[in-house]
Amino acid sequence: MADTNHDAARFDTLALPAVHASHAGCWLSDRDGAIRTVVRGEAILAASQSPLLMLNAPLVANRLGYPELSGLDLLELFAFIYPARFLVPTPHGLAETLGLPAPQGDADVPRLLAQAAGVLFAASQRDDWAERAGAWAVLQSLSRLHWPWAGLLARHVKRPDRAEPWLFGRLPQWEDRAPRPAPASIIPDTGAIANRLDSLTGAGAEVREGQRHYATASAHIFAPRPALGQPNMLLAQAGTGIGKTLGYLAAASVWSQSAGGTVWVSTYTKALQRQLRRESRRAWPDPTGLLSPASSAKRLAGQAIDATDNVPQSSLADATQQESQAAETPAVVVRKGRENYLCLLNLEDALQGGYSGRAGIFAQMIARWAAFTEDGDMIGGDLPGWLPTLYQRRGLAALTDRRGECVYAACPHYRKCFIERAARQSAHADLVIANHALVMVHAARGSGNGEDAEQRVRPSRIIFDEGHHLFDAADATFAAALCASEAIEMRRWIIGPEGKAKGRRRGLAARLADLASYDEEGGAAIRLAGEAAQALPADGWLTRIVEENPLGPVEELLGAVREVTLARDVKGQDAGYGLETEAADLPAGFIAAAVMAHKALSELRRPLQDLARRLEAVLTDPPDWLDGQGRQRLDGARHSLAWRIDTLVAWEAMLDRIGGPADEDFVDWLAVERGDGRIYDVAIHRRWLDPMRPFASSVLKPAHGVMQTSATLCGRLDPAQSALDWPGALRRSGAAYLDVVPKLLEATSPFDYENQAEVIIVTDVRRGDIAGLAAAYGQLIEASRGGVLGLFTAIRRLRAVHDRIADRLARGGLPLYAQHVDPIDTGTLVDIFRDDPHASLLGTDALRDGVDVPGQSLRLVVMEQVPWPKPSILHRARRAAHAADETRLARQDYDDGIARARLAQAFGRLIRTRQDHGRFVVLSAAFPSRLLSAFPQGTPVRRIALHEALQLVSGGVSSPDAEVSSVQEIDA
C-alpha cells in the first residue's frame, strides 16, 4: 500500500468561510480561519449571505432546521475530482481518505474543510490525475448550470490540448459471442475443494473444520441431477463466523472451472452482494489488478488517496487495454434488476437540456461517474450512496431504466448499454452474483426483457445465501396488485404520456410505427389497444374518485375499493396507517363495478395478445426491411408485451374471484395505502397462500442443483435442546412440491457465546412510555460510549426517541444517526456507523439483518420490544393454514416462529469475529421465555432493571439478586 500520509502544509488552505453543524451545536470560520461557536440563526444568516464550505449540505441543513441551505459542499467537489471512489461522508472519513489529520472535535471541522478543499484543488492540477478525462468539458457544463464550485475550479482544471470525445464516445461496446456450451457432468472432488478453500483463506490461516465440512458438503448441488424436475438440494444452517461465503465459493469455483458452467449466487441484501464481489476476487482474481484507472484496492476498500502516489500513465494505459480485452469475459458478474442501472439514453436526454438547476448538476455528476464506473450500477454499486441524497434524489429514478420505456436495439447507445453488457456477460461468467427477486424472475421468464436467446438460459446451479429471506422474496415476486399506480403505468406504456412534458417516452403506436405500416393486422391491434387503454386510470385519479367522478370502469372500481375499505375500518382513520379489509361479503355495487372493470381489462388484453402473435409472425418470417437492430427491437417489444399480458391476466383472475368462492391457494384483500396520514394508492391485492409453490415450479424444478443457506435457516423450538427445526426449514424450502428430499447440513458457529455475548431483558421500561423508552436508549448509549445499534418495530417511535436524545448525546461526543430522520441512504449510514466507534445508529427492518459491523463499532444491540409479526389479513390467513385448527397454541406457535427468526437475525449483528464482545438488550418486560431459543445455546440471559443493565454495560457489577440464566437453563 502506498504511503497515505499527506503533508498538509504542501497544499494551500482554501481561504473561504466554512460552517459545521451537528446536534451538539454550530461552528463558523471566517476567511482567515478563525473559528467561533454560533447559534443556528447566525449560521443560517451567514450561509445566505455568501457561499460557505460545508460537508453534506442536506445533513447540515437538517441540523440547522433550514431545508433550503446551500453552499460549497465538499462531497460534491470530491465526487467531481474522484468519481466512483469510496468516501465515508463524515469529517473523520474525509480526513482519513485525503490523508489529513482527523479533527479532534466539532470545533476543528471548519479548518479541516478548508484544508480538504485545498488538497482536492491541488489534485486537479497534477499531471497524473487519473480521472482527468472529460473533467474540463463537464466543468464547462457545470459552470453554465451555476454550480457553486465551478468558478473556483476553473483556473485549476486545465483545458486539454486536443478535443476529447464525448462521454458516449469513450464507453466500450459489448460484443456478441457464441453461446456457451452446456457444462460437463462432473462431480467436484472434495479434496480439490478443500485445497481451494485453503488457498482462499490464505497461508497460515486458522483451519476451521466446520468451514471445511461446509465447503465439501456444498459439492452435492454440483453433481448431475438424478431425474428431470428433481434438483440436488442442500439446506445448510451455517452459524455466524463459520465462513460460509468462502466455503461455497470454494466449491463453486472448482466446479465452474472444471465443468465450464455458471454458478448463480443469490442474496437478499445489497450489502452481501458487495461483500461477495470482494470475496469472489480471491477465487477469480482480476487479471489486470486494476478495475478502473484508480487503484481497485483504494477505490473499493476506501483506503486513503495519496496525492503523490499514483499509477504511472503508461501502466494505466497498459492496464486499461488489458481490462478492455478482458471486459467481455469476466469470471464474476454482478447482476441486478434493470431499475438499478444507469440508462445512457435517459442520461443523454438529461445532459441535452432535459434537466436544469440542481437536477442538471446531478446529471453532470452522473456523467462524470459513468466514465469511470465498473458496471453502471447506481444502487449499491460504485456510485457513492450519498451522491443522490445531495440533490434530494432528484432525477435518480429518471436516470435508471424505468419500466417499459427501453427501446432496446433502437437506442443509439444499445451497444454500450450497461444492462445489456451485464446480461451478456452473465451468460459466459463462472459466477453471477444476483438477488433473490432477479433469480426468480429470470428463472420464471427464462430471460430478462429484451434479451435474445443466448441470454434466455435458466440458472442450473443456484446458491441462495440469506436463504431465510426466500419466502419473503417469493411472496413479493409472485404477488399481484390491481392498483392505481400500476394501472396508470400500463396506460402510459400503451398510449404514451398525455401531458405537456412527454420527453422521449412514446406509446405503442409510435414505438411500433414500422410494424403498423407493414402489417395490417398488427396495426389494427395497436389501434384497438390504444382505444381500450382509455379505460385505465390516469393522473388525477384520486381527486376524481373522491369527488365521485371516475374516469372509466377501473377508476370506478378503485373508488369502490376506497369506499368499502374506509367503511369497514376499525383502526380509526386518524391513525395515519394503511387500511385493509377482506375481499369478501362485498356489496352489490362493488361486484357490479368489478364486472365492468373485468370487461374493460379483457378488451385491452385481447388486442395485446393479437399484437404479440403478429410480432411473432413477423419475426418468424421477417420482411426484407427488417435488419438486425429492428429484429432485436421487435423482440424486445414482444417480451415487454408478454409482461403486460401476464399482468392483465393476473388482474382478471383477481376480479373473477370477486363475489364468488374463495380460491384456497390465494389470499385476496382490499387496501387503502397511506403514508404520513395521506392516501397515495388504492389496491386489490392477491398473494399466494404459500409462495414457495410457484417458487418450486419456476425456480427449483428447472434447476440441477440448489443450495439454501443462512445462519438462521431454521431455529430451535426448545431453548433447552440443541435440535433444530428442520421440518420448518423443509416446509419453507419448496422441496415438498417437487417430492425432493434435500440433504441437510448444520455447521455450528465457532464463537464462544457464553463468554463473548450476553442477553439482557430490561424489566422496568413500560410499554407505550415514549419518554421512558427514550431515556433508556439515551442512558444505554452513554453507558456504552456509543457503538449501539438500536432496532425499532415502528418508525414513529424511532423518530420520537431520536428527537429526545440526539442533542444531549452529541454534546457528550456521541453522534447519533437514524434511518427515516437523517437525509442519508441506509448503506451510507452503516458506513458512517462502522467508521466511528463512538457513533450509534437507530433503524428498522433494513438494519436487522444483512449488516456486517465487526469490531468495536458495534458492541451493543438494543431492541425496543419483541418483533412480533404485523397482524395483517395475509398473516392471519397463513397462520390459520399453519395448523388444521386455529387454536390459541397453534396461533402462538406460528407467531413465535416469526419473532424468533427476527430476534436471531438481530442478535447475529452483535458477534462477527472471535474478538468481538457485546450485549443484546431488549427493553420489554413481557419477553416470553419460550423465545429465548432464538439466541445461541450457552448465551447468558439476565432479567434485570434498567439501572442494573446500565451498570453491566458501563462495566459495573450487577445485583446478586438478578435472575441469571442461559438459553440452556431457563427458570420456568
task = Sort out which residues of the range 32-69 are buried (at least 16 other Cβ atoms within 10 Å of the Cβ) and closer than 19 Å to V821 by Cα, and write them in order of number.
result = L55, N56, A57, P58, L59, V60, A61, N62, R63, L64, Y66, L69
request  = Kindly establish whether G381 is assigned to a loop (DSSP other than H, G, I, E, B), small (G, A, S) and modelled with pLDDT of 85 or more.
outcome  = yes
query = Is it the case that R914 is assigned to a loop (DSSP other than H, G, I, E, B), touching a residue at least 12 places away in the same chain (Cβ under 8 Å), touching a helix residue (DSSP H, G or I) at 6+ places or on another chain (Cβ under 9 Å) and farther than 18 Å from W726 by Cα?
reply = yes
task = Give, as residue ranges, the strands (runs of 3 or more DSSP E) completely inside the range 736-807 that count at least 3 residues that are in contact with a Ser or Thr (Cβ under 8 Å, 6 or more places away or on another chain).
result = 757-762, 788-791
message = Six or more apart or on different chains, Cβ atoms under 8 Å: show the pairs whose first residue is in the range 810-825 and in contact (Cβ under 8 Å) with a residue 40 or more places away in the chain and whose second is of a type in the set (S, T, Y) and assigned to a strand (DSSP E or B).
response = A810/S22; P815/S22; P815/S840; L816/S840; I824/Y817
inquiry  = Considering only residues that are loosely packed, with under 14 Cβ neighbours inside 10 Å and either within 25 Å of C714 (Cβ to Cβ) or of a type in the set (F, W, Y) (or both), which ones fall in the range 926-937?
reply    = P928
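In the range 819-877, which residues are basic (K, R) and assigned to a helix (DSSP H, G or I)?
Pass one, the range 819-877, residues basic (K, R): 834, 848, 859, 870, 876.
Within the range 819-877, R834, R876 qualify.
Just checking, does the range 683-695 include any residue being out of contact with any His (no Cβ under 9 Å at 6 or more places or on another chain), of a type in the set (D, E) and surrounded by fewer than 23 Cβ atoms within 10 Å (Cβ to Cβ)?
Step one: of the range 683-695, the residues out of contact with any His (no Cβ under 9 Å at 6 or more places or on another chain) are 683-695.
Checking the rest, the ones that are also of a type in the set (D, E) come to 690.
This time we only want the ones that are surrounded by fewer than 23 Cβ atoms within 10 Å (Cβ to Cβ), so: 690.
Within the range 683-695, one or more residues are out of contact with any His (no Cβ under 9 Å at 6 or more places or on another chain), of a type in the set (D, E) and surrounded by fewer than 23 Cβ atoms within 10 Å (Cβ to Cβ).
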ask   = For A178, all conditions in the list (1) among the aliphatic types (A, V, I, L, M); (2) touching a residue at least 24 places away in the same chain (Cβ under 8 Å); (3) farther than 22 Å from L342 by Cα hold save one; what is the number of the exception?
value = (2)
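Looking at the range 200-213, is at least one residue part of a loop (DSSP other than H, G, I, E, B), over 32 Å from the mean Cα position of the chain (by Cα) and within 24 Å of S256 (Cα to Cα)?
Taking the range 200-213 first, the residues part of a loop (DSSP other than H, G, I, E, B) are 202-208.
Within this subset, residues satisfying the condition of being over 32 Å from the mean Cα position of the chain (by Cα) are 203-207.
Adding the requirement that they be within 24 Å of S256 (Cα to Cα) leaves 203.
There is at least one residue in the range 200-213 that is part of a loop (DSSP other than H, G, I, E, B), over 32 Å from the mean Cα position of the chain (by Cα) and within 24 Å of S256 (Cα to Cα).
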query = Which condition does R804 not pass, out of (1) farther than 22 Å from P91 by Cβ; (2) crowded, with 21+ Cβ neighbours inside 10 Å, if it passes all the others?
reply = (2)
Unmet criterion (only one of (1) under 27 Å from W726 (Cα atoms); (2) buried (at least 21 other Cβ atoms within 10 Å of the Cβ); (3) in contact with an Asp or Glu (Cβ under 6 Å, 6 or more places away or on another chain)) for L923 = (1)
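Out of L634, L601, report the one residue that is surrounded by 14 or more Cβ atoms within 10 Å (Cβ to Cβ), in the same structural domain as L655 (by TED's automatic domain parsing) and at pLDDT below 90. If you could, list the steps in order and put the result at the bottom.
Working: L601 fails: at pLDDT below 90.
Being surrounded by 14 or more Cβ atoms within 10 Å (Cβ to Cβ), in the same structural domain as L655 (by TED's automatic domain parsing) and at pLDDT below 90 holds for just one of L634, L601, which is L634.
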task = Return yes when A434 is modelled with pLDDT of 85 or more and not in a helix (DSSP H, G or I) and no when it is not.
result = yes
key: Exclusive hit being in contact (Cβ under 8 Å) with a residue 12 or more places away in the chain, of a type in the set (K, R) and in contact with a Leu (Cβ under 8 Å, 6 or more places away or on another chain), set R919, R902, R891   = R919
task = Being within 20 Å of D822 (Cβ to Cβ), touching a residue at least 60 places away in the same chain (Cβ under 8 Å) and assigned to a helix (DSSP H, G or I) is the filter here, so list the residues in the range 74-121 that pass it.
result = L75, E76, A79, P91, H92, G93, D106, V109, L113
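Scan the range 644-654 for residues that are within 16 Å of L536 (Cβ to Cβ) and not hydroxyl-bearing (S, T, Y) and jot them down. Break it down into steps so the answer makes sense when it comes.
Taking the range 644-654 and keeping what is within 16 Å of L536 (Cβ to Cβ), we get 644-645, 647-652, 654.
R644, I645, L648, V649, A650, W651, E652, M654 - these are the residues of the range 644-654 that are within 16 Å of L536 (Cβ to Cβ) and not hydroxyl-bearing (S, T, Y).
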inquiry  = Whether any residue in the range 148-161 is surrounded by 14 or more Cβ atoms within 10 Å (Cβ to Cβ), over 31 Å from the mean Cα position of the chain (by Cα), farther than 30 Å from F362 by Cα and in contact (Cβ under 8 Å) with a residue 40 or more places away in the chain is what I want to check.
reply    = no
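The values are calculated or read from the model by the stated rules, or taken from the named source; none is laboratory data. No experiment lies behind these values; they were computed from the predicted model shown. Cβ atoms come from the backbone with ideal geometry, glycine included; neighbour counts cover every protein chain shown.
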